Amino acid sequence: MGSYGDEEELSEAEVNGAWTPQEKALHEARLKAKAKRRLRRTSSRESGRDSVSEASGDPVADLTSPKSKLHTNDRKSRMGKGRGLPKKGGAGGKGVWGAAGMVYEMEEPDAKDPNYDESSQGNTVYATVMPELEEQELEKTVSPVVKEYFEHGDTKEVQMLLKELNLGKNKFKVSSLAVSLSLEGKASHRELTSRLLSDLMGKGMAEQDMARAFDKVLMELPDLILDTPEAPQMLGQFIARAIADHALPLDFLDRYKGMVACDHARAALDRAAVLLSMKREIVRLDNVWGVGGGQRPVKHLIKEMNLLLKEYLVSGEVSEAERCLRDLEVPHFHHELVYEAIIMVLESKGETAIQMMVKLLKAFWEMGLITLDQMNRGFQRVYTELPEINLDVPHAHAILESFVELCHQESVITKQLRDTCPSRGRKRFVSEGDGGLIKT
């Protein structure tokens, strides 16, 4: 291709005749670019001549004018605007970290910074933050813990598991949930629950927390009684046991005096008051549930029989005495109940105890809780020990005779058992047909 001048002189006919469309387009683009460059050179020369003429003709020319070549490299605004100060106060530019004399303070690392590195921040302490359990979450979490406790009976394991939970203000609901679950279970579960409530005291649970828990259960009694009709009586035993174990405040029952509208709650509180009104040295509330009688020593069973009879003499409720006797699960030991009932009659004063015990034995006889053999064994044991009993109770013979006669009239004992009752001033056979006589 020729020189620059030759290229401009190419005719349109030559272009259209000898070049392809692509070459034609490329050629036109080059022509346009060269025209623009020529225009820029022309405008720059004219502006240079104007600025030189102004500088030479007017010695008092404005040195800050944007047309002045003396300020071509000045960093100030060339538009005649602004305060005439350098950009960024002189602190900008390549390799510059700020103005002269500027002191930077230590900045706290930002955890949201993409370059933030935890390992480079010194001694880092990691802590697990557990959110506070809501009521529904607490029930789902704690219920399996309580049910598993009913199997192994280890209160320390329950305490360890509860420490891992953030119970917050709902920690009292652990006790109320345990009581509610035990009401639906066995007597052994209720005994374990009473022990758990006692062991939790001072270890994350205070008396006021326990009081709030029982307040909650008392309010829920109308619903609990649908599945467990005996819930008021059981809750009363829970309250009495908790007060005896110092898990509940001693004035817990006094707070409800004259303020109970629910009949079920009133029945529970009355039962607790009855149990607490008995003498502590005679009745041990730690055996209030009568758990696993067949697996317990005889001394414990005797204490439980005494508890049953003492409570009956105070309340007069045959149905409650029946329930307690069935919960003992020792049908082979019911003769002890007959024996203890007669001893209480001999040691009591007045006719009230005699009438109530006859009523109780008659009810148990008709229910089949006490068999003929057990009834005979209980009476025979008293007959045998009467001389020793008479030393402590001088009128034991007279009281026993009237009691035996009344039992026979109510069809509690047979005529043969009545006739073998010893009396003062006569001889009797120790057993039928043995030929041995003793004086009474």
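Averaged per residue, the range 298-420 has 48 square angstrom of accessible surface, using a 1.4 angstrom probe with ligands and nucleic acids left out. Extension gain, V393-H246: 0.36 nm per intervening residue step, less the Cα-Cα distance, totals 49.2 nm.
How high is the FRET efficiency between K349 and E135 when r is their beta carbon distance and R₀ equals 60 Å, given to the nearest 0.05? Before the final figure, lay out each step's value.
Values: r = 54 Å, r/R0 = 0.89.
So, using R0 = 60 Å, E works out to roughly 0.65.
Estimated at the nearest 10 Å², the accessible area of L138 is 10 Å² with a 1.4 Å probe.
Of the listed pairs K36/K94; K169/K257; K173/K303; K140/K203; K163/K216; K186/K257, which have alpha-carbon separations greater than 29 Å here? Provide the component values of the computation, followed by the final result.
Details: K36/K94 33 Å; K169/K257 27 Å; K173/K303 33 Å; K140/K203 22 Å; K163/K216 22 Å; K186/K257 31 Å.
Distance filter (> 29 Å) returns K36/K94; K173/K303; K186/K257.
Provide the packing ranking of 107-113, 175-181, 389-395, i.e. peptides ordered by the mean count of other C-beta atoms within 10 Å per residue, highest first. Walk me through the intermediate numbers first.
Working: 107-113: 8.0, 175-181: 23.4, 389-395: 12.0.
Descending mean neighbour count gives 175-181, 389-395, 107-113.
The accessible surface of the range 332-413, taken with every protein chain in place and a 1.4 Å probe, is 52 percent carbon and sulfur. Working from label points 7 Å from Cα in the Cα-to-Cβ sense, the R37 to E401 distance is 15.1 nm. Each of Q22 and S411 was given a label point 7 Å from its Cα along the Cα-to-Cβ line. The distance between the two points is 12.7 nm.
Contact order normalised by length for the range 135-287, with contacts defined as Cα pairs under 8 Å and 6 or more residues apart; what percent is it? Contact order relative to length: 21 percent. Apolar share of the accessible surface for the range 135-287: 50 percent from carbon plus sulfur atoms, 1.4 Å probe.
Computed extension length for A111-V96: 2.7 nm, one decimal, from 0.36 nm per residue of separation with the Cα-Cα distance subtracted.
The values are calculated or read from the model by the stated rules, or taken from the named source; none is laboratory data. Just so it is clear, the model here is predicted, and its values are computed rather than measured. Neighbour counts are summed over all protein chains in view; Cβ atoms, including those assigned to glycine, are modelled from backbone coordinates with ideal geometry. Heavy atoms of the whole protein, side chains included, go into the accessibility calculation; ligands, DNA and RNA do not. Shrake-Rupley method; radii C 1.70, N 1.55, O 1.52, S 1.80 Å.
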